[in-house]
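First comes the structure, then the notes that go with it.
The values are calculated or read from the model by the stated rules, or taken from the named source; none is laboratory data. Every value quoted in this text rests on a predicted model; they were computed, and no experiment measured them. Please note: Cβ atoms are built from the backbone with ideal geometry, for glycine as well, and neighbour counts cover all protein chains shown.
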Amino acid sequence: MAGAMVQLWWRCVFGPKLSRIHRSAEPSRAGPVRQQGWTYQAKALEKHTDSILGWASALWSLSYYTSPLLVFYLYRKGYICSSKLVPVGQYVGTLLIVLVGVACLRGIGRWTNPEYIQFITILEETKRNNRSENKKKLACFNFDFRSWPVDFNWSDVSSRKELTKGGVSLLKSEPKHRGAADSLLSSVRKLPCQLVSYLIAHSFGRRMLYPGSVCLLQKAMRPMLQQGQARLVEEFDGERAKLVACDGNEIDTMFVDRRMGAGEQGHTLVICCEGNAGFYEVGCMNTPLEGGYSVLGWNHPGFGGSTGVPFPQNEANAMDVVVQYAIHRLGFKLDDIIIYAWSIGGFTATWAAMSYPDIRALVLDASFDDLLPLALKVMPESWRSLVTRTVRQYMNLNNADQLCKYQGPVLLIRRTKDEIITTSGPEDIMSNRGNDLLLRLLQFRYPKVMTEDGIRAVREWLGAGTNIEEASVYSRYEVDDDWCTSVLQSYQTDLATEFPWSVGEDMTSEGRRQLALFLARKYMRNFDTTHCTPLPYAEFHSPWRL
């Protein structure tokens, strides 16, 4: 008996931090399971000791990142010598013993709390036997995701595509072939620049591109994230899951199932890809949820409960395991899946569309064609070559190239007051990189339509900042929607439907301009707001199908 008590206390010492109880883990005899959750109330001993350990962790992180400066300072002051290092070592050892004692006291505080005892018992039982009954009980608790059992592993799927060295395949530009001696000499000359690019990408560059991966921001947003997660679990019966990607990163996901007792839209799964500071807890999942869709959200590597860092290869690896989870564990067909992305999430969305061409559709909101022009906008002009090298080698978010590999329906949503993906400011709508994404797509799919006349007409339409101006351009070119539809349907019936199409090669300039404007309005919709305004469901449409 005493041994079992000690063992339980030991689990409490090393157990994860419990934040919230979504609902009772046991069914109520009086009626259905309680849906309303409550915040876990730690007792005084656990609360104070947990605060001490939290401060110790924060100071350790601060000292770790400032260690080069700290070592340099101590060296200049003459503290780095054997006579002075011994007392420092003794001080550190004493401090560690004190922290171990604090952790043991925290374990006692948890051990005397019935709610924590219930939680840790269910967690240990789930680790021993990962049955669905145990997982349902464990899902009633919100705790440190590092201790959450794995629900799906990339390796669980028997037939997999071949991997490159870093994971799933990424779209890259073809290298230029040169002589061996020339290539070696060039590599030696470029080594300093490559080293600087590596340091920039892996230090402030990655954090500027994905601020949501910064720990301080996540700590500041933690109450909001916990509240958002509670809403998804308690109001929408969301199911949280941990997926392991092919690179070993653990991906935090949330699935809301609407297939039972819902309309037709509930049988369609919308996979949401968040922005560079977005989390599924408070991100774009809410838009398709309003429409009654089944929704699967996930956090970038390094965001929320996901591990790793959000470089393009890791992003693609994470997206791949999310799609595999939707197919092989959740039971959706590719034709039942819509990929929906906001802002920088367009990279993983276009990668998924390129890699899984049988998905039903792709919706890109406030996304861009290429990261490089946006990176050059915020960096000094003197850094141009260095920024170009860094982006192309480490952060090559080539959305337009990937999008052109997808043959299915696409909808682009442009924010007319977007201040983030414009290169000249929100007042210049023609500098919105969503325009370039649309032009690249249309030029690839309809090259005979998008000649000089067609491009000029589409650019004029893109310059319209309001619905009235847009309609004015459309009417000035006397676009006949019925005629354009019949032309495209006739071509689709008579010839192969693989893009690019040769439709428009025998047309007059007037016909090409009409068709170009018709296609532009079908592929892109304007939303009169700024970049970070949540997209209401009224603006979320299924992409146009001929």
Conditions (1) out of contact with any Asp or Glu (no Cβ under 9 Å at 6 or more places or on another chain); (2) crowded, with 22+ Cβ neighbours inside 10 Å; (3) of a type in the set (A, V, I, L, M); number of the one not met by Leu232: (1)
Helices (runs of 4 or more DSSP H) contained entirely in the stretch 442-546, each with at least 1 residues that are farther than 24 Å from Lys405 by Cα, without any contact (Cβ under 8 Å) to a residue 60 or more places away in the chain and assigned by TED's automatic domain parsing to the domain that holds Met354: none
Do we find that Gly167 is assigned to a helix (DSSP H, G or I), at pLDDT 80 or above and surrounded by 17 or more Cβ atoms within 10 Å (Cβ to Cβ) in this structure? no
For the condition within 24 Å of Pro409 (Cβ to Cβ), touching a Cys at 6+ places or on another chain (Cβ under 9 Å) and charged (D, E, K, R), what is the one hit in Glu274, Glu290? Glu274
Within the stretch 135-149, work out how many residues are closer than 16 Å to Arg11 by Cα, in a helix (DSSP H, G or I) and charged (D, E, K, R). 1
Does the stretch 170-184 contain at least one residue that is at pLDDT 90 or above and either buried (at least 17 other Cβ atoms within 10 Å of the Cβ) or not assigned by TED's automatic domain parsing to the domain that holds Arg20 (or both)? yes
What number of residues within the stretch 460-470 satisfy the criterion of being modelled with pLDDT of 90 or more and exposed (fewer than 12 other Cβ atoms within 10 Å of the Cβ)? 1
Leading residue by the ranking (nearest to Thr530 (Cα to Cα)) among those in the stretch 374-396 that are surrounded by fewer than 24 Cβ atoms within 10 Å (Cβ to Cβ) and within 21 Å of the chain's Cα centre (by Cα): Leu374
Say we look at the stretch 537-546 and pick out the residues that are over 12 Å from Ile413 (Cα atoms) and out of contact with any Leu (no Cβ under 8 Å at 6 or more places or on another chain); which of these is surrounded by the most Cβ atoms within 10 Å (Cβ to Cβ)? Tyr537
With the structure loaded, tell me whether Tyr356 is surrounded by fewer than 20 Cβ atoms within 10 Å (Cβ to Cβ), aromatic (Phe, Trp, Tyr) and over 20 Å from Gln218 (Cβ atoms) or whether it fails that test. yes
Which one of these does Ile338 not meet: (1) surrounded by fewer than 20 Cβ atoms within 10 Å (Cβ to Cβ); (2) in contact with a Ser or Thr (Cβ under 7 Å, 6 or more places away or on another chain)? (1)
When Glu452 is run through (1) surrounded by fewer than 17 Cβ atoms within 10 Å (Cβ to Cβ); (2) within 19 Å of Glu539 (Cα to Cα), the failure sits at (2)
Give me the residue from the stretch 119-159 that is out of contact with any Leu (no Cβ under 9 Å at 6 or more places or on another chain) and hydroxyl-bearing (Ser, Thr, Tyr) and, out of that set, modelled with the lowest pLDDT. Ser159
Kindly establish whether Leu330 is part of a strand (DSSP E or B), in the same structural domain as Leu170 (by TED's automatic domain parsing) and not acidic (Asp, Glu). no
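Do you know which of the residues in the stretch 486-498 that are surrounded by 14 or more Cβ atoms within 10 Å (Cβ to Cβ) and at pLDDT 90 or above is nearest to Phe444 (Cα to Cα)?
Leu488
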Given the residues Asn435, Asn399, which is the only one that is at pLDDT 95 or above and outside the structural domain of Val168 (by TED's automatic domain parsing)? Asn435
For the stretch 403-435, how many residues meet the condition of being without any contact (Cβ under 8 Å) to a residue 12 or more places away in the chain and either touching a helix residue (DSSP H, G or I) at 6+ places or on another chain (Cβ under 8 Å) or among the acidic types (Asp, Glu) (or both)? 5
If you go through Asp336, Asp358, Asp365, the only one that is acidic (Asp, Glu), over 22 Å from Arg146 (Cα atoms) and under 16 Å from the mean Cα position of the chain (by Cα) is Asp365
Exception for Leu437 within (1) surrounded by 12 or more Cβ atoms within 10 Å (Cβ to Cβ); (2) over 31 Å from the mean Cα position of the chain (by Cα) falls at (2)
Per the filter on the stretch 347-366, residues over 20 Å from Ile327 (Cβ atoms), outside any strand (DSSP E or B) and in contact with a strand residue (DSSP E or B) (Cβ under 6 Å, 6 or more places away or on another chain) are Ala366
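Residue-wise test of (1) in a helix (DSSP H, G or I); (2) of a type in the set (Gly, Ala, Ser); (3) farther than 22 Å from Asn526 by Cβ.
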{"position": "Tyr340", "(1), (2), (3)": "no, no, no"}
{"position": "Gly345", "(1), (2), (3)": "yes, yes, no"}
{"position": "Asp369", "(1), (2), (3)": "no, no, no"}
{"position": "Trp383", "(1), (2), (3)": "yes, no, yes"}
{"position": "Val391", "(1), (2), (3)": "yes, no, yes"}
{"position": "Gln402", "(1), (2), (3)": "yes, no, yes"}
{"position": "Lys405", "(1), (2), (3)": "no, no, yes"}
{"position": "Ile413", "(1), (2), (3)": "no, no, no"}
{"position": "Gly425", "(1), (2), (3)": "no, yes, no"}
